[in-house]
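Everything below concerns the one structure shown next.
The values are calculated or read from the model by the stated rules, or taken from the named source; none is laboratory data. Not measured: the values here are computed from a predicted model. For neighbour counting, all protein chains shown are included, and Cβ atoms are generated from backbone atoms with ideal geometry for every residue, glycine included.
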Amino acid sequence: MKPQVIEKIASAVVEKFNSSITKSDSLALLEKEQQQVQKSINGFLNAIAEGVVTKSTKERLLALEQQNDVLEENIALEKARQIQPLEYETVKAFLTYFARKKYQNDEEKNEFFNSFIYRVVLFDDCVYIFYNTSPDVPTKVKLDKDELDELKSPEHRKSTQLQPLGFKLGANGGG
């Protein structure tokens, strides 16, 4: 793969992935609530600056600041749960790393395979494929017996050039 092709692919992947990320409703509500609390705090600070200081003003300001601290913690937790956007340099480095490999030995083939597939579980009537789409929870795809039979059909075999590779069982899956 040529560097300019890798750059185009990396750019397209980052753009497509990042455009599909949406802010959760709960995060949007928390941020809106925090903006309202900040506005109230600023109102109280303006009142204090103008000399309007009472016991209830101070108590209300302290309560608002405490509410703001709780909202900041909740926003930080919610942001940690969100899907993080991809960075161009990270994707480019990932693609470049695998593009430079020759894939002439089983270790290199396994490394490539295990980078995308976490685990494959075979049953008599179905197959579960767990993809490495998230560091926390892999994406699971289930293929039923009917779908597997369809993949075994002669028409399907003729339409594909992919041949199964002899992968060894790896630490992160694959067999």
For the condition touching an Asp or Glu at 6+ places or on another chain (Cβ under 7 Å) and either touching a residue at least 40 places away in the same chain (Cβ under 8 Å) or farther than 30 Å from residue 103 by Cβ (or both), what is the one hit in 45, 27?
27
With the requirement that a residue be of a type outside the set (D, E, K, R) and out of contact with any helix residue (DSSP H, G or I) (no Cβ under 6 Å at 6 or more places or on another chain), what does the stretch 75-95 give you?
76, 77, 80, 82, 83, 84, 90, 93, 94
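Rundown of residues vs (1) outside the structural domain of residue 26 (by TED's automatic domain parsing); (2) loosely packed, with under 12 Cβ neighbours inside 10 Å; (3) within 28 Å of residue 1 (Cβ to Cβ); (4) at pLDDT 85 or above, yes/no style:
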residue: 86; (1), (2), (3), (4): yes, no, yes, yes
residue: 92; (1), (2), (3), (4): yes, no, yes, yes
residue: 95; (1), (2), (3), (4): yes, no, yes, yes
residue: 112; (1), (2), (3), (4): yes, no, yes, no
residue: 126; (1), (2), (3), (4): yes, no, no, no
residue: 133; (1), (2), (3), (4): yes, no, yes, no
Restricted to the stretch 97-106, and to residues that are without any contact (Cβ under 8 Å) to a residue 12 or more places away in the chain and surrounded by 11 or more Cβ atoms within 10 Å (Cβ to Cβ), which residue is farthest from the chain's Cα centre (by Cα)?
103
Is it the case that some residue within the stretch 66-78 is within 18 Å of residue 1 (Cα to Cα), without any contact (Cβ under 8 Å) to a residue 24 or more places away in the chain, part of a helix (DSSP H, G or I) and out of contact with any strand residue (DSSP E or B) (no Cβ under 7 Å at 6 or more places or on another chain)?
no
